[in-house]
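The values are calculated or read from the model by the stated rules, or taken from the named source; none is laboratory data. On a predicted model such as this, the values are computed, not experimentally measured, just so you know. Ideal geometry is used to build each Cβ from the backbone, glycine not excepted, and the neighbour counts take in all protein chains shown.
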Amino acid sequence: MPTPTDSTAAATSAEPDTTPSENPVIEFVDVEKRFGDNVVLKDLNFSVARGERVTLIGPSGSGKTTILRLVMTLEELTGGYIYIDGEALSHEDRDGRRVEVSKKAQKQLRTRIGMVFQQFNLFPNMTVLENITEAPIHVLGRSKKDAVAKAHSLLEQVGLPDKANAHPTSLSGGQQQRVAIARALAMDPEILLLDEVTSALDPEVVDDVLAILRQVAETTNVTMLIVTHEMAFAKDVSHKVMMFDGGHVVEEGHPDKIFSDPDEERTQKFLSAVLGNN
Ligand SMILES: Nc1ncnc2c1ncn2[C@@H]1O[C@H](COP(=O)(O)OP(=O)(O)OP(=O)(O)O)[C@@H](O)[C@H]1O
Ligand SMILES: [Mg+2]
């Protein structure tokens, strides 16, 4: 099985090189995702370095959410390979054959990845505290005491120290999203996936949620894959912006370049439409 350190296998193999490069924490190699006959992603190759924050932009239906859901193993990969820290996430190349990795290995890798969704997706039948401690206790095997202590500290961090015993339904959208962020951070993820986390929020609370995420970006080394329409936020926090269309990377680069002087007309048109200055 080719691994990041197993360069000989790749060098001597006549098969296409499916070996991840040296250090990326996320690597897509010839990724294909189809829903029935609808090929949403095809031959998609990109990598994200440790601690890198990458924003995906592009029109509706271009495949942004699908990319995050594949990393979170919420969608089945129909072709190619995704590597997390050099380990195959769902499929691996074994002597030229593409085979599924064990569910156990997949589950193990998934514990290192957190995701925050547009619609919060909190467990409605659990309190805020239970939402945040559930996975650390039952997936990571942390003690209840430690998990609860960390949950309180995270609730402090997201500005909700007095909501531990509240139920999600009694919280505003902005508060629910802050709990969802705390829940993701409670797992100490190496990778944080953010899918339009402010799109369902009232405009006046968007900045509060973005401020929390900026702080996470500034104070941790967590690798982030971000889908957002908040271009000012994307510009501030991202090291790299990737513009997608039709499941392909149209162009990628530093946010200063992509947002102010993109090379591709498709990117210019998209940004004009989003920023409303066409
Ligand atoms: N569960 C599904 N079943 C069938 N088709 C799907 C499914 N999920 C996504 N698709 C299709 O995949 C394509 C990409 O969808 P995706 O949600 O990734 O786009 P997106 O870039 O996130 O769009 P948006 O900006 O609207 O959120 C679309 O054509 C969509 O219809
Ligand atoms: Mg989407």
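Considering the conditions (1) within 16 Å of ligand 1 (Cβ to nearest atom); (2) buried (at least 19 other Cβ atoms within 10 Å of the Cβ); (3) part of a loop (DSSP other than H, G, I, E, B), residue 187 is excluded by exactly one of them, (1). Suppose the filter is surrounded by fewer than 21 Cβ atoms within 10 Å (Cβ to Cβ), under 16 Å from the mean Cα position of the chain (by Cα), closer than 17 Å to residue 116 by Cα and away from ligand 1 (no atom under 16 Å from the Cβ); does residue 224 pass it? It is false that residue 224 is surrounded by fewer than 21 Cβ atoms within 10 Å (Cβ to Cβ), under 16 Å from the mean Cα position of the chain (by Cα), closer than 17 Å to residue 116 by Cα and away from ligand 1 (no atom under 16 Å from the Cβ).
Just to check your reading of the model, which residue among 129, 193, 122 is of a type in the set (A, V, I, L, M, F, W, C), under 28 Å from residue 104 (Cα atoms) and within 16 Å of ligand 1 (Cβ to nearest atom)? Exactly one of 129, 193, 122 is of a type in the set (A, V, I, L, M, F, W, C), under 28 Å from residue 104 (Cα atoms) and within 16 Å of ligand 1 (Cβ to nearest atom), namely 193. When we screen 198, 228, 223 for residues that are farther than 20 Å from residue 50 by Cα and touching a residue at least 40 places away in the same chain (Cβ under 8 Å), the only hit is 228. Residues that are part of a loop (DSSP other than H, G, I, E, B) and either among the charged types (D, E, K, R) or within 16 Å of ligand 2 (Cβ to nearest atom) (or both) within the range 217-239 comprise 228, 229, 230, listed in sequence order. Only one entry of 179, 197 meets the criterion of being touching a strand residue (DSSP E or B) at 6+ places or on another chain (Cβ under 7 Å), modelled with pLDDT of 95 or more and crowded, with 21+ Cβ neighbours inside 10 Å, and that entry is 197.
Close contacts from the range 253-272, counting a first residue that is closer than 22 Å to residue 52 by Cα and a second that is at pLDDT 95 or above and small (Gly, Ala, Ser), with Cβ to Cβ under 6 Å and a gap of 6+ residues or different chains, come to 255/238. Taking (1) in a loop (DSSP other than H, G, I, E, B); (2) without any contact (Cβ under 8 Å) to a residue 24 or more places away in the chain; (3) over 12 Å from residue 246 (Cα atoms) in turn, residue 73 satisfies each apart from (2).
In the range 192-206, what residues are within 15 Å of residue 71 (Cβ to Cβ) and within 16 Å of ligand 2 (Cβ to nearest atom)? Within the range 192-206, 193, 194, 195 meet the criteria.
Being within 20 Å of residue 41 (Cβ to Cβ), surrounded by 15 or more Cβ atoms within 10 Å (Cβ to Cβ), within 16 Å of ligand 2 (Cβ to nearest atom) and among the β-branched types (Val, Ile, Thr) is a condition met by no residue of the range 250-272. Contact map, the range 205-220: first residue small (Gly, Ala, Ser), second residue crowded, with 17+ Cβ neighbours inside 10 Å and part of a helix (DSSP H, G or I), Cβ cut-off under 7 Å, separation 6 or more or different chains; pairs are 217/237. A search for C-beta distances below 6 Å between a residue of the range 56-68 that is more than 7 Å from ligand 1 (Cβ to nearest atom) and any residue that is small (Gly, Ala, Ser) and part of a loop (DSSP other than H, G, I, E, B), counting only pairs 6+ apart in sequence or on different chains, returns nothing.
Looking across 48, 31, one residue alone is under 20 Å from residue 250 (Cα atoms), without any contact (Cβ under 8 Å) to a residue 60 or more places away in the chain, buried (at least 20 other Cβ atoms within 10 Å of the Cβ) and more than 13 Å from ligand 2 (Cβ to nearest atom). It is 31.
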